[in-house]
Structure formats: structure tokens, C-alpha cells
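The values are calculated or read from the model by the stated rules, or taken from the named source; none is laboratory data. These numbers were taken from a predicted model, which means no experiment stands behind them. As a convention, Cβ positions derive from the backbone with ideal geometry for all residues, glycine included, and neighbour counts pool all protein chains shown. Just so you know, the surface numbers come from the protein's heavy atoms only, side chains and all, with ligands and any DNA or RNA stripped out. Shrake-Rupley method; radii C 1.70, N 1.55, O 1.52, S 1.80 Å.
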Amino acid sequence: MITVIDIESRRNTPIPEGTVRHILTPSNDRTRVEVARYEVDSGKTHRIQPAERTQVVYVMEGKDAEVNLIAAGKAATCTAQRGCGVYLEPKEEADIKASGTPLVLLSITVPKHTDIAIDPNGQPPTGYFFDESKLQALVDERRIRMRTFWVNKETGLSGSRDLQLGRMHYAPRGHSPRHVHNASKTSSVRPEHFYFIERGTGEVKHDDGSLPVGPGSLVFIPEGEWHQLTAYDSGLDYIEFQAPFDFVTTMDHDPQGKNWYIQGTDDGTGKPMLWVQS
């Protein structure tokens, strides 16, 4: 069943660097995904400890954060603004210090996806720092939706199949096709999916009706649930997640909703180049 969680309804728990709200947890929500929202006080540091799970931490609010990342045995230091984050493979780690302003961080962790073996001729996935403003953007055929992946095997950032994650923007009255996600033939794991709405209002339609969404809504969509997201006049700006990156999407209709194009490119006819995806 599709559920909409108001993150403000989750308990805000004090921690040494500030507070945390646990939004999705395996123990409470029958999911493999963990989602939490951290508020980090100015001058304090959020430590992302090495774990057996894949982790992503994204800066939702704040600026001039100091990020120290240790991935694949190498250390790096970066300055992060809103729209930046880190992707960490199991056993990798990072610190994010609120050296400028207080920070709001979104943390997402998932188990390692092991159904598909790593290509023996390829490089193993490693962690990295990302800046959303510098990543490849995609637009749909009608120009009513735009997306930027932070983690996606087919954009070249990482070879990971643990998750797919990024930002989606809908123009006023923009909408997705009605569709459903199921496990692929190569995966025994039921895929999980969510939208985390940051700005705008709209509704998610499902087989039994619709649910309103707005800022602070997390829409959790289990495998096999048909759904369609529609923006109201405000448009929508939200974070979209799927895990593992090993699933099949079926669309009810609307062939124009399937294709995505690389923003800023030209296929020779004045149209952007088609983004080829599996």
C-alpha cells in the first residue's frame, strides 16, 4: 500500500551535533531502507561512520560545510552547499562539519545489492562527493519534467546497483505516466521507491484514489503499486529514490512519458539527444 508520511510527525531526538528525525526504518516500516533527517548546529560535525550498508548524505539546507571523505582508501576535502552530498560504499566514511551555517542533512542507507556480480573487468564502485548543479540534467519530451541523478549506474558516476537517487522537478500541472515498478528477472529483491517533496503541492494517484502531497511529505511506494504523480499549479520539486537499481518499469500508456533527453545537447535537428537507458 502507498503511504504518505509527514516527516514532522516523526519524533525529533536530540543528539550531540543537533537533532535527528528517523523517517523510515526497517523495524517500524517493513522496509530495507533507512531515511533520516539531521539538523546539525553551527560548529558541530555529523560523522558518517563506516557501515555494512551503502550510504548517501545530502545537504538540504545550509552553506559552506566542510566535507572530509575517505573512499577507496583515499582522503578528500570539499566545501558543500545546498545541493551537494556524498555517496559511500560499505566501509567508507565521511565527516560533514557545519562550519558556515547550521545544516539540514538527508541520510539514506540501503543494503548492498549482491544479486548481480561486479564485472570482473570493471572497476569496483567507490564513494564520491557530488554537486547537483554540476551534474547532467535530463528533460522529458514535453519539457514538463526535469531530473538530475546523484546516483545512477548509467550516468557514469558509479557502477553501483544498490540504488538510484536524484532530484526531480515538475512544471505547473506536470505529471508522470501511470506506471508500476517490479523486480527484474535478475533480482530476488523487491524494489522500493519514494518521493520526498521539498517544494510545491500535488497528488499521487493510485488504484483506490489519490493522496495529497506537499513540502515535508515522503511518499513510500512498495513494489507492484501502480502510481502517478501530478503537480498542482505550484509545480513540484522533490527527491526521488529507488532501490535496488535492478527493476522493471511498466507504463499504462503515454509513450511520450518514457523518453528522457540530455539537456543542453543537440542531435543535429535542434532537439536534445536521447538519453539511452536500460
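Does at least one position in region 241-258 carry a residue that is under 18 Å from the mean Cα position of the chain (by Cα), among the hydroxyl-bearing types (S, T, Y) and open to solvent by 40 Å² or more (accessible area, probe 1.4 Å)? Yes - at least one qualifying residue is present in region 241-258. One residue stands out in region 11-30 among those that are of a type in the set (D, E, K, R) and over 20 Å from the mean Cα position of the chain (by Cα): the one that is nearest to R199 (Cα to Cα), namely R11.
Residues satisfying the criterion are present in region 67-79 (criterion: assigned to a loop (DSSP other than H, G, I, E, B), within 22 Å of L165 (Cα to Cα) and in contact (Cβ under 8 Å) with a residue 40 or more places away in the chain). If you check E203 against the conditions, is it part of a strand (DSSP E or B), of a type in the set (D, E), under 23 Å from Q136 (Cα atoms) and open to solvent by 20 Å² or more (accessible area, probe 1.4 Å)? Considered against the rule, which asks whether it is part of a strand (DSSP E or B), of a type in the set (D, E), under 23 Å from Q136 (Cα atoms) and open to solvent by 20 Å² or more (accessible area, probe 1.4 Å), E203 comes out as no. The conditions of being surrounded by fewer than 19 Cβ atoms within 10 Å (Cβ to Cβ), in a loop (DSSP other than H, G, I, E, B) and acidic (D, E) are not met by D162.
Looking at S176, S188, S217, just one residue is among the polar types (S, T, N, Q), touching a residue at least 60 places away in the same chain (Cβ under 8 Å), open to solvent by less than 20 Å² (accessible area, probe 1.4 Å) and closer than 26 Å to K153 by Cα, and that residue is S176.
Rundown of residues vs (1) of a type in the set (A, V, I, L, M, F, W, C); (2) more than 25 Å from G43 (Cβ to Cβ), yes/no style:
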residue	(1), (2)
A98	yes, no
K112	no, yes
G127	no, yes
L135	yes, yes
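Here N68 meets the list (1) out of contact with any Gly (no Cβ under 7 Å at 6 or more places or on another chain); (2) open to solvent by 30 Å² or more (accessible area, probe 1.4 Å); (3) more than 30 Å from E8 (Cα to Cα) almost entirely, failing just condition (3). Between S42, S27, which is assigned to a loop (DSSP other than H, G, I, E, B), polar (S, T, N, Q) and open to solvent by 20 Å² or more (accessible area, probe 1.4 Å)? The match here is S42. In summary, strands (runs of 3 or more DSSP E) completely within region 85-158 and bearing 2 or more residues that are among the acidic types (D, E) and either more than 30 Å from L229 (Cα to Cα) or at pLDDT 95 or above (or both) occur at 93-97.
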